[in-house]
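Enquirer: Could you have a look at this structure, given as structure tokens, before my questions?
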Amino acid sequence: MELKTPISEDVIRSLHVGDLVEITGVVHTGRDAVHKFLHDGGSLPVDMRGGVLYHCGPVMVKEDGQWVCKAAGPTTSTREEPYQAGVIQKLGLRAVIGKGGMGDKTLAGCKEFGCVYLHAVGGAAQVLAECIKKVRGVCMLEEFGSPEAVWELEVEKFPCVVTMDSHGGSLHKDVFASSKEKLAKLL
Amino acid sequence: MAGLKENLLELIRRTSAEMPDDVHRVLTESLQAEEKRTTAEFALKTIHANIEIAARKSQPICQDTGSILFYVHVPVGGDQLVFEEAAREAVAEATKKGFLRQNSVDSLTGKNSGTNLGPGTPTFHFTQTRGATAVDVRLILKGGGCENVGAQYSLPDSRLGADRDLKGCRRVILDAVLQAQGKGCGPGVLGVCIGGDRATSYAFSKEQFLRPLDDRNPNPELDALEQEIVATSNQLGIGPMGFGGKTTLLGCKICAVNRLPASYFVSISYMCWAFRRRGVVLSADGGTIEKWLY
């Protein structure tokens, strides 16, 4: 299923754990420094309502005055667990892309505010960079450095799996529980 | 010195962009074994496409080009400081060219050095080899996602029922696999050290990643444990990226070193599927490439 940004709440509510989606439109990167900054009361000069936040610290190189993305896979999301639900509410996000999944607080935030967690394939920096058609801009570059800056990216058919939905479903919880049970039998 | 720097730059480029054959082979087997039309198969297909694009475009397999770990065997009398200087220059240039991400951050100020150079980065592990005439350089780039799921256990561990024996080691290693789930970008490889102190134990666990994936442990007990950990882990259903599936681990390499009577550490380092490890043998002055490793 293709998701075009900005995404409506109805579309988000129609998604369930296990769905494969492709995002087309605009996504913003944001990771550790930005989450703490927003949590501490900071604000960004970009409007992300209905938008998508991507946990990613890309490799960016300036070629002929233009930023070019050389690699852009997801980073581990769980570090943002203390802040994510608040950031979803504050920015009006409809989707968060990352890897490794997130915890109960974010899951509750997804349910309350109508958001989903999308898992991109970790390490697949080239496949995902090929989906980035243009680097539209950047903010907080000086303050946070390149991997931590907020990059505005135009993407086409960016592939992800819904692993946490807006109905309380989490693939991460399910796989952890079933693998723990299996291990107990194998010990 | 100029030749050494150029050769190390090429080593960094290859390590960042080109998957070692031994790991690629095991990933191909795991794709063939996975159930069709599942998210696990989607993840493994994406991984394969990614490996192909990175090599073709000479760009990083993963954007997190990680900790830069040099393992260098030098002949007796080889000047390690000259090597370090050339390697630092090569690292800074590789960063400028985009083979490495700007990955060295001041822990107190949060400022990124922008060059990958700074206190503690990159790291060098030198060994002198008597009678050697060449310099053997191996490079590992280890991303932060997999580094963060590493774990160290102090045995006995009553919570896990792990005593000071190989059965206890097995219990804690499998606990590390369970806790890691897909967070370290699985399917991954474990490097394990039994023994040592807290620092050396982790250091030796990482050196296990220098072993080819298809080698066998010369110690029969450790060899059996390595095989068993992989087989058991792959029955847990964690799967690629933790999506559920058949392949959770691609390999497990274990070493044992001596310990204090009072200590019994088991240290587990996790390497993601994007297992970036390459090596090169250089002439004694570093100026000529004798052969590529892996």
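Just so it is clear, none of the values below were taken in a lab; they were calculated from the coordinates. In this text the structure is predicted, and so the values were computed from the model without any measurement. When we count neighbours, we look across all protein chains shown, and the Cβ atoms used for this are built from the backbone with ideal geometry, even at glycine.
Enquirer: For chain B, what proportion of DSSP beta bridges, expressed in % and rounded to the nearest 5, is antiparallel?
Expert: Antiparallel bridges make up about 70 percent of those DSSP assigns within chain B.
Enquirer: Enumerate the calculated ³J(HN,Hα) couplings along the range B:125-140 in order (Karplus 6.51 cos²θ - 1.76 cosθ + 1.60, θ = phi - 60°), each rounded to whole Hz, writing x wherever the residue is Gly or Pro.
Expert: Computed from phi, the couplings for the range B:125-140 are 10, 9, 9, 8, 10, 5, x, 6, 10, 10, 9, 9, 10, 10, 10, 10 Hz.
Enquirer: Mind pulling the angle between the C-alpha long axis of helix B:2-17 and the longest principal axis of chain B? Nearest 10 degrees, somewhere in 0 to 90.
Expert: 30
Enquirer: Arrange the following residues from fewest to most other Cβ atoms within 10 Å of their Cβ: B:W292, A:W67, B:W273, A:W151.
Expert: B:W292, A:W67, A:W151, B:W273
Enquirer: Once amide H atoms are built 1.01 Å from N in the peptide plane, which residues 5 or more positions from A:G137, or in another chain, come under 5 Å H to H?
Expert: For A:G137, whose amide H was placed from the backbone, the distant partners under 5 Å are A:E152.
Enquirer: Where the only charges are on Cβ atoms (+1 Lys, Arg; -1 Asp, Glu), what is the dipole of the range A:31-150 about its Cα centre, to the nearest 20 debye?
Expert: Around 320 debye, computed over the range A:31-150.
Enquirer: Cut-off is 10 Å between beta-carbons; in what order do A:T29, B:T28, B:T65, A:T24 appear when sorted fewest neighbours first?
Expert: By the 10 Å Cβ count, ascending, the order reads B:T28, A:T24, A:T29, B:T65.
Enquirer: Using a/c under 1.5 as the rounded threshold, could you call the range B:55-158 rounded, prolate or oblate? The axes a ≥ b ≥ c are square roots of the C-alpha gyration tensor eigenvalues, and prolate needs a/b larger than b/c, oblate otherwise.
Expert: Oblate, because a/c is 1.5 or more while a/b does not exceed b/c.
Enquirer: Separate question: Pick from B:L108, B:L210, B:L222 the residue whose mean-square fluctuation is largest in a GNM of chain B, springs joining Cα atoms under 10 Å.
Expert: In the Gaussian network model the winner is B:L108.
Enquirer: I'd like to know which of B:G195, B:G120, B:V105 lies farthest towards the positive end of the charge dipole of chain B, counting +1 on Cβ of Lys and Arg and -1 on Cβ of Asp and Glu.
Expert: So the residue we want is B:V105.
Enquirer: Follow-up question, since we're still on this one. Give me a comma-separated list of calculated 3J(HN,Hα) values for the range B:37-52, in order, Karplus coefficients 6.51, -1.76, 1.60 applied at θ = phi - 60°, integers in Hz, x for any Gly or Pro.
Expert: In residue order, the calculated couplings are 6, 10, 5, 5, 5, 4, 5, 5, 5, 4, 4, 5, 4, 5, 4, 5 Hz.
Enquirer: Stretched out fully, how many nm does the piece from A:K36 to A:K90 gain, at 0.36 nm a residue minus the Cα gap?
Expert: Extra length available between A:K36 and A:K90 comes to 18.1 nm.
Enquirer: Report, in whole Å, the centroid distance computed from the Cα atoms of the range A:84-123 and the range B:17-32.
Expert: 32
Enquirer: Considering only the protein assembly as shown, what is the antiparallel percent among its DSSP beta bridges, to the nearest 5?
Expert: If I count the DSSP bridges inside the protein assembly as shown, around 65 percent turn out antiparallel.
Enquirer: Okay, next question. Do you know the relative contact order of the range B:145-271, to the nearest whole percent, from alpha carbon pairs under 8 angstrom that are 6+ apart?
Expert: Value for the range B:145-271: 42 percent.
Enquirer: Let me ask something additional. Over chain B, what relative contact order in percent results from Cα pairs under 8 Å that are six or more residues apart?
Expert: It rounds to 26 percent for chain B.
Enquirer: Here's another thing I want to ask about it. May I ask what percent, to the nearest 5, of DSSP beta bridges between residues of chain A are antiparallel?
Expert: Roughly 60 percent of the beta bridges in chain A run antiparallel, per DSSP.
Enquirer: What relative contact order, as a whole-number percentage, does the range A:2-186 give when Cα pairs under 8 Å and 6 or more residues apart are counted?
Expert: Reported relative contact order: 30 percent.
Enquirer: Please list, ordered by chain and number, the residues whose modelled amide H lies under 5 Å from the amide H of B:L100; skip anything fewer than 5 residues away on the same chain.
Expert: Amide H to amide H, under 5 Å and 5 or more residues apart or across chains, B:L100 pairs with B:T95.
Enquirer: What size of dipole, in debye to the nearest 20, comes out for the protein assembly as shown about its Cα centre when the only charges are +1 on Lys and Arg C-beta atoms and -1 on Asp and Glu C-beta atoms?
Expert: Value, rounded to 20: 380 debye.
Enquirer: Here's something else I'd like to know. What ranking of A:M164, A:M48 emerges when the number of other C-beta atoms within 10 Å of each C-beta is taken as an exposure proxy, fewest first?
Expert: A:M48, A:M164
Enquirer: If you don't mind, another one. In µm²/s, what is D for the protein assembly as shown at 4 °C and 1.567 mPa s, where D = kT/(6 pi eta Rh) by Stokes-Einstein and Rh is the Kirkwood radius from Cα pairs?
Expert: 56
Enquirer: Over 25 Å, how big is the tail of the calculated P(r) for the range A:2-186, in percent of all Cα pairs?
Expert: It works out to 30 percent of all Cα pairs.
Enquirer: A:K70's amide H: which non-local residues (gap 5+, or another chain) put their own amide H closer than 5 Å, with H modeled 1.01 Å from N in plane and none for Pro or chain starts?
Expert: For A:K70, whose amide H was placed from the backbone, the distant partners under 5 Å are A:V59, A:M60, A:V61.
Enquirer: Whole-Hz ³J(HN,Hα) for each residue in the range A:93-103, computed from phi via Karplus 6.51 cos²θ - 1.76 cosθ + 1.60 with θ = phi - 60°, x for glycine and proline: what do you get?
Expert: Ordered by residue, 3J(HN,Hα) equals 6, 10, 8, 10, 9, x, 9, x, x, 9, x Hz.
Enquirer: What is the helix-to-structure angle for B:220-233, meaning the angle in degrees between its Cα long axis and the longest Cα principal axis of chain B, kept from 0 to 90 and rounded to the nearest 10?
Expert: 70
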